[in-house]
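Input: a single structure, listed below in structure tokens.
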Amino acid sequence: MQELAFAESILQMALAHASRVGARRIARLHVAIGQLSALVLDLIQSHWDNISRGSPAEGARLDFRQELTRLLCLACDRLYMPRGRDLACPACHSTRFKVISGHESRVEAIDIEPDEAFRTAFAVAENARPLPATRAAAAVSRRRAKATRRH
């Protein structure tokens, strides 16, 4: 059940991002999943395929990267990566630890395809001269600076 909630969450995040930047389509999401998160990747993908249908994210690929578990031993202050299911510190064998990484899951990047209006606006902005309003504002700023220096 948590896989559905996670898929819904990343879909909302991706759609909000796509809307903000003027994307036509979401092509791919890069997702880090912690080893300790207990999320099942196949279930996330299955839910994603169902809930993204009909949206700009339909057909987007989910690329998963596993976030390794790192623990800090509270007895000897050693930072370590557990082996298998044994979470005990390899130095002092204590089972008192703090999880440093490996429990979180997050979207690391979203690949989009911008819509045509965004591409046109960007191309115009790249080749455009300063707008008259911008030049006028700069002239006003220069006049204010001169007036300030006189007083």
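The values are calculated or read from the model by the stated rules, or taken from the named source; none is laboratory data. All values derive from a computational prediction rather than experimental measurement. So basically every Cβ, Gly included, is an ideal-geometry build from the backbone, and we count neighbours across all protein chains shown.
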Selection within the stretch 77-100 - aliphatic (A, V, I, L, M) and in a loop (DSSP other than H, G, I, E, B): Met81, Leu87, Ala88, Ala91
Selection within the stretch 8-55 - of a type outside the set (Gly, Ala, Ser), assigned to a loop (DSSP other than H, G, I, E, B) and modelled with pLDDT of 95 or more: Arg53
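Count, please, the residues in the stretch 27-43 that happen to be under 18 Å from Ile110 (Cα atoms) and within 17 Å of the chain's Cα centre (by Cα).
The initial filter retains those residues of the stretch 27-43 that are under 18 Å from Ile110 (Cα atoms), namely 27-33, 41.
With within 17 Å of the chain's Cα centre (by Cα) added as a condition, the list becomes 27-33.
Residues flagged as under 18 Å from Ile110 (Cα atoms) and within 17 Å of the chain's Cα centre (by Cα) within the stretch 27-43 amount to 7.
Within the stretch 36-46, can one find any residue that is assigned by TED's automatic domain parsing to the domain that holds Leu71 and in contact with a His (Cβ under 8 Å, 6 or more places away or on another chain)?
Initially, the stretch 36-46 is screened for residues assigned by TED's automatic domain parsing to the domain that holds Leu71, giving 36-46.
Still in the running and in contact with a His (Cβ under 8 Å, 6 or more places away or on another chain): 36-37.
The answer is yes; a qualifying residue exists.
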Candidate set from the stretch 60-89 (those that are surrounded by 13 or more Cβ atoms within 10 Å (Cβ to Cβ) and without any contact (Cβ under 8 Å) to a residue 12 or more places away in the chain); member that is nearest to Ile26 (Cα to Cα): Tyr80
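Could you check, for the stretch 118-141, whether at least one of its residues is of a type in the set (Lys, Arg) and at pLDDT 50 or above?
No, the stretch 118-141 contains no residue that is of a type in the set (Lys, Arg) and at pLDDT 50 or above.
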Those residues of the stretch 10-24 which are within 19 Å of Leu41 (Cβ to Cβ) and small (Gly, Ala, Ser), in sequence order: Ala14
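Filter the stretch 90-119 down to the residues that are aliphatic (A, V, I, L, M) and surrounded by fewer than 16 Cβ atoms within 10 Å (Cβ to Cβ) and list them by number. Lay out the reasoning, then the answer.
Just the residues of the stretch 90-119 that are aliphatic (A, V, I, L, M), to begin with: 91, 99-100, 107, 109-110, 112, 117.
Within the stretch 90-119, Ala91, Val99, Ile100, Val107, Ala109, Ala117 qualify.
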Test for Thr95: is it among the hydroxyl-bearing types (Ser, Thr, Tyr), within 21 Å of the chain's Cα centre (by Cα) and modelled with pLDDT of 50 or more: no
